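Participant: Quick one: structure below, then a few questions.
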Amino acid sequence: MSAHTDTDTHTRTDPHADPHADPHTKAHAAARPLARARRTGRVRRAALPYLLLLPALLLELLIHLAPMAMGIVMSFRQLTQFFIRDWTGAAWTGLANYELAVDVNKPVGEALLGSFLTTCLFTLLSVGLCWLLGTAAAVFTQESFRGRGALRALFLVPYALPVYAAVITWAFMFQRDNGLVNHVLHDQLGLGGADHTFWLLGDNSFWALLTVSVWKGWPFAFLIVTAALQNIPKELYEAAALDGAGSWQRIRRITLPSVGAVNQVLLLVLFLWTFNDFNTPFVLFGKAAPEAADLISLHIYQSSFVTWNFGAGAAMSVLLLLFLLLVTAGYLVLTGRGRRNADA
Amino acid sequence: MPDRRRARARTRSPLAPPPSFRVVRAVFLTLLTGFVLLPVYVMVTSSLKPLGDVSGRFRWIPSGLTVRPYADIWHTVPLARYFVNSLIVAGAATVCSVVIAVFAAYAVSRYRFRGKRLFTVTVLSTQMFPGILFLLPLFLIFVNIGNSTGVALYGSRGGLILTYLTFSLPFSIWMLIGYFDSVPRDLDEAATVDGCGPLGALVRVVIPAAAPGIVAVAVYAFMTAWGEVLFASVMTNDTTRTLAVGLQGYSTQNDVYWNQIMAASLVVSIPVVAGFLLLQRYLVAGLTAGAVK
């Protein structure tokens, strides 16, 4: 793979990529010490990119790749709390953990499948709404008007607020008896009968979680689309306007097509972040979410750290990773984005 | 004459939005502003309510105002210590992450080398790892390193710093590559001709030219570290707890001090929100040149 990609990179790379690419072009009769200096210089130059990458590589290796490899090994073992001190002592069980995870006729597999489907629906709705709100807000704040700067800053506040501070406030608002949401819905608007609704328990918790997730997530879409819109040349709009295109037409014909490429990355990133989100349900519900809002990250956390079956938890994580890999790969192939990303 | 004036008015602002557009825009932006501000309003007003008011039925207008919660938050839990821990962890993670990302991005942007493609793909793909997959293994690795070398990573700020800086690294490297690519190569070639080494060119030319991108990356790294909950709750002990975990201390078995929770939430949010709003201009500029291409 490496040789393959390397030639690929070579043919593709910008000719200006390396200002020192060929020292021989500056041909002149070299004195011997100069030649030697140049040779060590060349070696050093060849090593330089690797030296620059080394810290990043080492850290990714230590914090991401090694634990991941370890997690994969763990998923084949009967790893319970008794083996935490020496996890290699846990019995090798082959695919037992995976069988446990995917057997939908037994409680563990059934719960995992339920959580997975919940997460799929949740991610679809959350990413869709975040994208819609973010794009609309970016488009509407593109032309300048009074107070636009303040509004743009305000819209970024949910993104800037630490998760735990923001989500805990929402938990407060969703309280059954004393929360703002029920106060407005039941007491002030008279909706939904006299009995207050449970928002953090039961089926409604899905909608509570979705509200919080969208509130927290849409500003990122807003930020990215706003940045993308600033790349569109003003002349394009002026020319279109002179040709008689109105505001709505300019948005449809110029603005939206211009953010198309950005959307591909934006949607992928939003998808990955939302699907893997742990913080929001954890702060909103605590260690165990209601079944209707049992997102997969928290579900796996629960399986590993609360019921102490780390092997099964690891197997579930690996399955989750495989799913995300498949979706991402499929998405990149469909959008033709993979190559450009890799070259970025 | 009136005809000519009308014609001039039309050519003067062909970009002016029509009334229908203005109405839709105003309605949408107003609703969205309300949605965004709602929790902020609740946070601010509830933090100023006496406990009796805040634990009763919700009221839009507080019955009485008090700043007591702001005094009490520091005693109910050791908030100052958590604050310092968070500052140290997030600050150190930010600095390290930015420095490392700058080096890596410079290498990818300016050099051809074997395995370059593999590196960028690997870095990008770490974005999709579920944190839960490496939480336990990382915990075990840290414990093992501690047992065999005496370097305390588990339970220490160092371990958390190390963990957090890798969280923001992939996105930072990715953004900076785009940003460095947009700095003309002629500039650092000129610097090399003037006698700078490659690192001299990086420090004297590329970094200053890419400053907005670097600031954007720093903001992102700081926010990532300041807001992380999962690893903070597993990897810290009593003395190294960060705000993310510490805030849970305001709920006791008997009482939930909602006014103090809101006051503390506001206090811990102010540094990041203020910093973010000050630097958001750079963030948009950084994204424009970096990730968004």
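Participant: Residues of the range A:301-318 being crowded, with 21+ Cβ neighbours inside 10 Å and either more than 11 Å from every other protein chain (Cβ to nearest Cβ) or in a loop (DSSP other than H, G, I, E, B) (or both), which ones?
Facilitator: Across the range A:301-318, the qualifying residue is only A:Ala312.
Participant: A:Phe174 versus (1) of a type outside the set (S, T, N, Q); (2) within 25 Å of A:Ala137 (Cα to Cα); (3) buried (at least 23 other Cβ atoms within 10 Å of the Cβ): which is the lone unmet condition?
Facilitator: (2)
Participant: Right, here's the next one. Just to check your reading of the model, which residue among A:Leu326, A:Leu321 is of a type in the set (A, V, I, L, M), facing chain B (nearest Cβ under 10 Å) and over 30 Å from A:Ala136 (Cβ atoms)?
Facilitator: On inspection, the qualifying residue turns out to be A:Leu321.
Participant: Shifting gears a bit: Restricting the first residue to the range A:289-300 and requiring it to be within 19 Å of B:Ser233 (Cβ to Cβ) and facing another protein chain (nearest Cβ under 9 Å), which pairs with a second residue that is among the charged types (D, E, K, R) and open to solvent by 10 Å² or more (accessible area, probe 1.4 Å) meet a Cβ separation below 7 Å and a spacing of at least six or different chains?
Facilitator: From residues that are within 19 Å of B:Ser233 (Cβ to Cβ) and facing another protein chain (nearest Cβ under 9 Å), the pairs are A:Ser297/A:Asp277.
Participant: Regarding the range B:271-286, can at least one residue be identified that is buried (at least 20 other Cβ atoms within 10 Å of the Cβ) and more than 10 Å from every other protein chain (Cβ to nearest Cβ)?
Facilitator: no
Participant: Have a look at A:Leu200, A:Leu180 and point out the one that is in contact with a Leu (Cβ under 9 Å, 6 or more places away or on another chain), within 30 Å of B:Val23 (Cα to Cα) and either of a type outside the set (Asp, Glu) or surrounded by 20 or more Cβ atoms within 10 Å (Cβ to Cβ) (or both).
Facilitator: Matching residue, one of A:Leu200, A:Leu180: A:Leu180.
Participant: Could you pull out the residue among B:Tyr82, B:Tyr106 that is over 30 Å from A:Phe82 (Cα atoms), among the aromatic types (Phe, Trp, Tyr) and either open to solvent by 20 Å² or more (accessible area, probe 1.4 Å) or touching a Ser or Thr at 6+ places or on another chain (Cβ under 7 Å) (or both)?
Facilitator: Step by step, each of B:Tyr82, B:Tyr106 is checked, and only B:Tyr82 is over 30 Å from A:Phe82 (Cα atoms), among the aromatic types (Phe, Trp, Tyr) and either open to solvent by 20 Å² or more (accessible area, probe 1.4 Å) or touching a Ser or Thr at 6+ places or on another chain (Cβ under 7 Å) (or both).
Participant: Right, next: Which residue, of B:Gly52, B:Gly56, is more than 10 Å from chain A (Cβ to nearest Cβ) and on the phi < 0 side of the Ramachandran plot?
Facilitator: Checking each option against the conditions leaves just B:Gly52.
Participant: All but one of (1) over 15 Å from B:Ala93 (Cβ atoms); (2) in contact (Cβ under 8 Å) with a residue 60 or more places away in the chain; (3) surrounded by 24 or more Cβ atoms within 10 Å (Cβ to Cβ); (4) at the interface with chain A (Cβ under 9 Å from one of its Cβ atoms) hold for B:Ile261; state the number of the condition that does not hold.
Facilitator: Every condition holds for B:Ile261 apart from (2).
Participant: Still on this structure, I have one more. For the range A:110-141, what are the residues that are open to solvent by 30 Å² or more (accessible area, probe 1.4 Å) and under 19 Å from the mean Cα position of the chain (by Cα)?
Facilitator: Matches in the range A:110-141: A:Phe116, A:Leu117, A:Cys120, A:Leu121, A:Leu124, A:Leu125, A:Gly128, A:Leu129, A:Trp131, A:Leu132, A:Leu133.
Participant: Out of all the residues in the range B:169-207, which are within 30 Å of B:Ala225 (Cβ to Cβ), at pLDDT 85 or above and surrounded by fewer than 16 Cβ atoms within 10 Å (Cβ to Cβ)?
Facilitator: B:Val203, B:Arg204 - these are the residues of the range B:169-207 that are within 30 Å of B:Ala225 (Cβ to Cβ), at pLDDT 85 or above and surrounded by fewer than 16 Cβ atoms within 10 Å (Cβ to Cβ).
Participant: Among the residues of the range B:127-142, write down those that are within 19 Å of the chain's Cα centre (by Cα) and more than 7 Å from chain A (Cβ to nearest Cβ).
Facilitator: Residues satisfying the conditions do not exist here.
Participant: Whether any residue in the range A:305-313 is in contact with a strand residue (DSSP E or B) (Cβ under 9 Å, 6 or more places away or on another chain), at positive phi and touching a residue at least 12 places away in the same chain (Cβ under 8 Å) is what I want to check.
Facilitator: Checked the range A:305-313: at least one residue is in contact with a strand residue (DSSP E or B) (Cβ under 9 Å, 6 or more places away or on another chain), at positive phi and touching a residue at least 12 places away in the same chain (Cβ under 8 Å).
Participant: Could you give me the residue pairs with C-beta distances under 8 Å whose first residue belongs to the range B:64-79 and is closer than 25 Å to B:Arg241 by Cα, whose second residue is among the aromatic types (Phe, Trp, Tyr) wherever it lies, and which are 6+ apart or on separate chains?
Facilitator: Final answer for the pair search is B:Pro69/B:Tyr257; B:Asp72/B:Tyr257; B:Ile73/B:Tyr250; B:Thr76/B:Tyr250; B:Thr76/B:Tyr257; B:Val77/B:Tyr250.
Participant: On to the next question. I'd like the full set of residues that are surrounded by fewer than 16 Cβ atoms within 10 Å (Cβ to Cβ) and either in contact with an Asp or Glu (Cβ under 6 Å, 6 or more places away or on another chain) or within 14 Å of chain B (Cβ to nearest Cβ) (or both), limited to the range A:183-193.
Facilitator: Selection gives A:Val184, A:Asp187, A:Gln188, A:Leu189.
Residue by residue, here is whether (1) open to solvent by 10 Å² or more (accessible area, probe 1.4 Å); (2) under 25 Å from B:Tyr164 (Cβ atoms); (3) at pLDDT 90 or above; (4) at the interface with another protein chain (Cβ under 10 Å from one of its Cβ atoms) holds:
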{"position": "B:Ser233", "(1), (2), (3), (4)": "yes, yes, no, yes"}
{"position": "B:Arg241", "(1), (2), (3), (4)": "yes, yes, yes, no"}
{"position": "B:Ser251", "(1), (2), (3), (4)": "yes, no, no, yes"}
{"position": "B:Asp255", "(1), (2), (3), (4)": "yes, no, no, no"}
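Participant: With the requirement that a residue be polar (S, T, N, Q) and within 23 Å of B:Met223 (Cβ to Cβ), what does the range B:236-257 give you?
Facilitator: Listed by number, the residues that qualify are B:Thr236, B:Thr240, B:Thr242, B:Gln248.
Participant: Which of the residues spanning the range A:171-207 are part of a helix (DSSP H, G or I), touching a helix residue (DSSP H, G or I) at 6+ places or on another chain (Cβ under 7 Å) and within 18 Å of A:Pro281 (Cβ to Cβ)?
Facilitator: Scanning the range A:171-207 gives A:Ala171, A:Phe172, A:Met173, A:Val181, A:Ser205, A:Phe206.
Participant: Where in the range A:85-166 are there helices (runs of 4 or more DSSP H), lying wholly inside it, with at least 1 residues that are closer than 28 Å to B:Val42 by Cβ, among the hydroxyl-bearing types (Ser, Thr, Tyr) and more than 10 Å from chain B (Cβ to nearest Cβ)?
Facilitator: Per the criteria, A:107-140.
Participant: While we're looking at this one, here's another question. Counting only residues that are on the phi > 0 side of the Ramachandran plot and either open to solvent by 40 Å² or more (accessible area, probe 1.4 Å) or at pLDDT 90 or above (or both), how many does the range B:140-168 have?
Facilitator: 1
Participant: Sort through A:Ala245, A:Ala239, A:Ala221, A:Ala208 and tell me the only one that's more than 8 Å from chain B (Cβ to nearest Cβ), among the hydrophobic types (A, V, I, L, M, F, W, C) and open to solvent by 30 Å² or more (accessible area, probe 1.4 Å).
Facilitator: A:Ala239 is the lone residue from the list that is more than 8 Å from chain B (Cβ to nearest Cβ), among the hydrophobic types (A, V, I, L, M, F, W, C) and open to solvent by 30 Å² or more (accessible area, probe 1.4 Å).
The values are calculated or read from the model by the stated rules, or taken from the named source; none is laboratory data. Predicted model only: the values in this text are computed from it and were never measured. We place every Cβ from the backbone using ideal geometry, glycine too, and count neighbours over all the protein chains shown. Ligands, DNA and RNA are excluded from the accessible area calculation, which covers all protein heavy atoms including side chains. Shrake-Rupley method; radii C 1.70, N 1.55, O 1.52, S 1.80 Å.
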